[in-house]
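The values are calculated or read from the model by the stated rules, or taken from the named source; none is laboratory data. Because the structure is predicted, anything quoted here is derived from the model rather than measured. Cβ placement follows ideal geometry from the backbone for every residue including glycine, while neighbour counts extend to all protein chains displayed. Remember, those area values only see protein heavy atoms, side chains included, never the ligands or the DNA or RNA. Shrake-Rupley method; radii C 1.70, N 1.55, O 1.52, S 1.80 Å.
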Amino acid sequence: MNRRFLHGLRLTSLRLRLVVVFALVALTAAVSASGIAYWLNREAVLTRTQDSALKDFRQEMQNRAASLPLQPTQNELQTAAVRMAGSSNPGYSVLLVGERAKGKPVIGYSDLDAFTLADVPRQLRDAVAKQQKVGTDDHSTYHLFWQRVTLRGTPYLVSGAKIVGGGPTGYMLTSLDQERQDLSSLAWSLAIATGLALIGSALLAQAAATTVLKPVQRLGDAARRLGEGKLDTRLRVSGTDELAELSRTFNKTAEALEQKVSNMSEREEASRRFVADMSHELRTPLTAITAVSEVLEEEADSLDPMIAPAVQLVVSETRRLNTLVENLMEVTRFDAGTARLVLDTVDIADQITACIDARAWLDAVELDADRGIMVRLDPRRLDVILANLIGNALKHGGSPVRVTVRIEGEELVVAVQDHGPGIPAEVLPHVFDRFYKASASRPRSEGSGLGLSIAMENAHIHGGDITAFNTEDGAVFELRLPRDPADPDQDGQEGGSA
């Protein structure tokens, strides 16, 4: 039996349940039919044998036992019993019981070894000896009684009758062993027929299950392919039954889903192009505005005190806008799938130190990293990740911020921990969402709401991840990167912002 068939008959499969139901129905029907057939044949065989033996015994009692004297001798009874048994068809044994004198019974046997008075059940002897009333008159008579018994492991038919008007009582014993053998053969035949019916039903159930379940299996495979993103999956439809209608419904659903996803993809692509084009178009005027704002900032000390705050606001908002545009362009690259890694083998301690030093955070950040830990990664993207994580800790957490580096197996783990109040429980699941801000009352915070999202995307492109959680000392952002990620298919370099 092959593995596919065994898999098809797993305990919870519909195929197994169909086979079991078919088998149970077939078994019930076969057993019922066999039981009825066996019972009918048994009654027919036993009744035929019984009627033949009783009829012959009654006739012999009338012809031979009734002709004996009222007080026969033992020899007369013996002779009559032997003659009755010898002329019987089918063969049986006979014993006759008479009275030589009142209270002195005389018994004649046709075969003393085969049949004695002890073989006759007491209940049968009492019934034979008892007179029976017939009708409403006073005429009394005796009936022929019979009973099936088992003697020495063999079934027998025992019957008895008394001569009406006085005379001996006769008992007959005939074997039913041949009938038992015939019925046993019949039972075996019916059992074999039941077994064949059970096997046939199992094969029929398997064929029916295959016919029914093959379209269901194809439907399941198609649904699985559809779930994997193969929206052009369709089923071949034939017939007009319920399964064919289900396949048509699946095809219509898949077609509608494909069309809807196509429309959404087109809109998403248009949205990405719009953001990219808008960001690109903003860079030119933003460059000019930035240059002007820098000039204004340099001249801020010589400006009218009434104008200086407005100049500072323009300068800060210009920087914020510049950061937002750069972040939008970086997010657009990730969404378009054009972001690529430029891998290099670097000392992680030197890289983190350079990131902190470039932003003048040396006094606010504690670094716990051994030199000589060499990791293959994209230095620029690591700088973006660390700048966002450390900057976020300094801005929203509490000093000092501690950066810890360790190696776990084939992974580089960089933990950034602050000493602030931690991240609120309702905020924690959303810290990496785009444009998410913890406080709705501060919609115009200095951040763009994209920093942590960009950090996460840069971790993912390395094959790593970032997790955030709280400790007793504050919030922790843990960066995990593979020490030797797979080389990118195409190297490239895009701008990024901290």
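Structure values in brief
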read-out: SER279 being open to solvent by less than 80 Å² (accessible area, probe 1.4 Å), in contact with a Ser or Thr (Cβ under 8 Å, 6 or more places away or on another chain) and at pLDDT 75 or above; value: no
read-out: Failed condition for THR169, given (1) surrounded by 14 or more Cβ atoms within 10 Å (Cβ to Cβ); (2) out of contact with any Gly (no Cβ under 7 Å at 6 or more places or on another chain); (3) β-branched (Val, Ile, Thr); value: (2)
read-out: Breaking point among (1) over 13 Å from VAL158 (Cα atoms); (2) of a type outside the set (Asp, Glu); (3) open to solvent by 50 Å² or more (accessible area, probe 1.4 Å), for ALA118; value: (1)
read-out: Filter result (at pLDDT 80 or above and of a type in the set (S, T, N, Q)) within segment 112-134; value: THR116, GLN123
read-out: Residue that is modelled with the lowest pLDDT, among those in segment 145-166 that are farther than 16 Å from GLN59 by Cα and among the small types (Gly, Ala, Ser); value: GLY165
read-out: ARG218 being of a type outside the set (A, V, I, L, M, F, W, C), modelled with pLDDT under 85, surrounded by 15 or more Cβ atoms within 10 Å (Cβ to Cβ) and within 29 Å of GLN50 (Cα to Cα); value: no
read-out: Residues being in a helix (DSSP H, G or I), open to solvent by less than 100 Å² (accessible area, probe 1.4 Å) and closer than 11 Å to PRO215 by Cβ - total across segment 225-244; value: 2
read-out: Residues of segment 43-81 satisfying the condition of being open to solvent by 80 Å² or more (accessible area, probe 1.4 Å) and either outside any helix (DSSP H, G or I) or touching a helix residue (DSSP H, G or I) at 6+ places or on another chain (Cβ under 7 Å) (or both); value: ARG64, LEU70, GLN71
read-out: Lone qualifier among ALA197, ALA270 - being part of a helix (DSSP H, G or I) and surrounded by 15 or more Cβ atoms within 10 Å (Cβ to Cβ); value: ALA197
read-out: Residues that are more than 15 Å from GLY160 (Cβ to Cβ), of a type in the set (A, V, I, L, M, F, W, C) and either part of a strand (DSSP E or B) or open to solvent by 70 Å² or more (accessible area, probe 1.4 Å) (or both), drawn from segment 83-115; value: ALA101, VAL106, LEU112
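Listed here are the residues, each with its yes/no results for (1) of a type outside the set (D, E, K, R); (2) open to solvent by 20 Å² or more (accessible area, probe 1.4 Å); (3) modelled with pLDDT under 90.
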site: VAL413; (1), (2), (3): yes, no, no
site: ILE423; (1), (2), (3): yes, yes, yes
site: GLY447; (1), (2), (3): yes, yes, yes
site: ILE466; (1), (2), (3): yes, no, no
site: LEU481; (1), (2), (3): yes, no, no
site: ASP487; (1), (2), (3): no, yes, yes
